[in-house]
Amino acid sequence: MKLYQNEISSATSRVRIALALKGLTAEALPVTILGKDAESRQARYRSVNPQGLVPALLTDSGVLLTQSLAIVEYLDELQPEPPLLPDTAEDRALARSIALAIAAEIHALLPPRIGLHLRATFQADADAIIAWDRHWVGEGMAAVETMIAGRRQGAFAVGDRPSIADIFLFPQAIGARRLGFDLTQWPNIADIVARLEAIPAFHENAPAPRK
């Protein structure tokens, strides 16, 4: 397998964590994502992934998969152990809802292309873009904390083993910390992240800081 990726990308981090948990490997194909001239914005990469986003996974059979949630679930089916989804239908739905609350409601508002659009269309400066990021991260993480708190019955977000919910939560929490948030304001998230940081598959594949 080949993974089109960028080390600062939290979406890439999700897939790298899943690969590590499964004991699978993929050849890393770096794609730059920052700036107007980033490789992700060029026709060459758009011919690979029309959205111009990372990650994208080229399977051993030559099929290109995009979107981190789809890729993680593909890896879960490819290598069933350890499972990344809980045992019951309700818990599986909860794990997916937490993952989507992060991917679709928080992270979707933060990628470099959003910052470029805010600059070009609304003349937003660096401080305004940081304020934008902090607003949506703060609001979104507070909601995720409430979602977890209402149903948490184990060591992790949904149950006693890391699931797809934790795979999506961990990189976003690392990003929130780098934006200056104290995770202890979200006690369940802070506890879960501390547990995940002790697991090599997570801490070794956290998103790299922006330089």
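Only one entry of PRO171, PRO162, PRO200 meets the criterion of being buried (at least 18 other Cβ atoms within 10 Å of the Cβ) and farther than 16 Å from ARG134 by Cα, and that entry is PRO162. Name every residue in the range 181-211 that is small (Gly, Ala, Ser), farther than 15 Å from MET141 by Cβ and not in a loop (DSSP other than H, G, I, E, B), in order of residue number. Hits for the range 181-211 are ALA194, ALA201.
Only one of the numbered conditions (1) more than 30 Å from GLU90 (Cβ to Cβ); (2) open to solvent by less than 80 Å² (accessible area, probe 1.4 Å); (3) free of Cβ contacts under 8 Å to residues at least 60 places away in the same chain is not met by TRP186, and that is (1). For the range 147-158, a residue qualifies if it is open to solvent by 30 Å² or more (accessible area, probe 1.4 Å) and in contact (Cβ under 8 Å) with a residue 40 or more places away in the chain, and the qualifying residues are MET147, ARG151. Inside the range 1-13, can you point out the residues that are farther than 16 Å from GLN51 by Cα and assigned to a strand (DSSP E or B)? Within the range 1-13, just LYS2 meets the criteria.
Checked against the criterion of being open to solvent by less than 20 Å² (accessible area, probe 1.4 Å) and either without any contact (Cβ under 8 Å) to a residue 12 or more places away in the chain or over 21 Å from PRO171 (Cβ atoms) (or both), the candidates THR121, THR88, THR59 yield just one match: THR59.
Among helices (runs of 4 or more DSSP H) entirely within the range 94-180, having at least 1 residues that are touching a strand residue (DSSP E or B) at 6+ places or on another chain (Cβ under 8 Å) singles out 164-178.
Taking the condition within 18 Å of the chain's Cα centre (by Cα), within 28 Å of ILE71 (Cβ to Cβ) and open to solvent by less than 30 Å² (accessible area, probe 1.4 Å), does ILE114 pass? Against the criterion (within 18 Å of the chain's Cα centre (by Cα), within 28 Å of ILE71 (Cβ to Cβ) and open to solvent by less than 30 Å² (accessible area, probe 1.4 Å)), ILE114 does not qualify.
The values are calculated or read from the model by the stated rules, or taken from the named source; none is laboratory data. In this text, all values refer to a predicted model and were calculated from it rather than measured experimentally. Heads up, the Cβs are rebuilt from the backbone with ideal geometry, glycines too, and the neighbour counts pull from every protein chain shown. When the accessible area is computed, the model is the full protein with side chains, heavy atoms only, and any ligands, DNA or RNA have been set aside. Shrake-Rupley method; radii C 1.70, N 1.55, O 1.52, S 1.80 Å.
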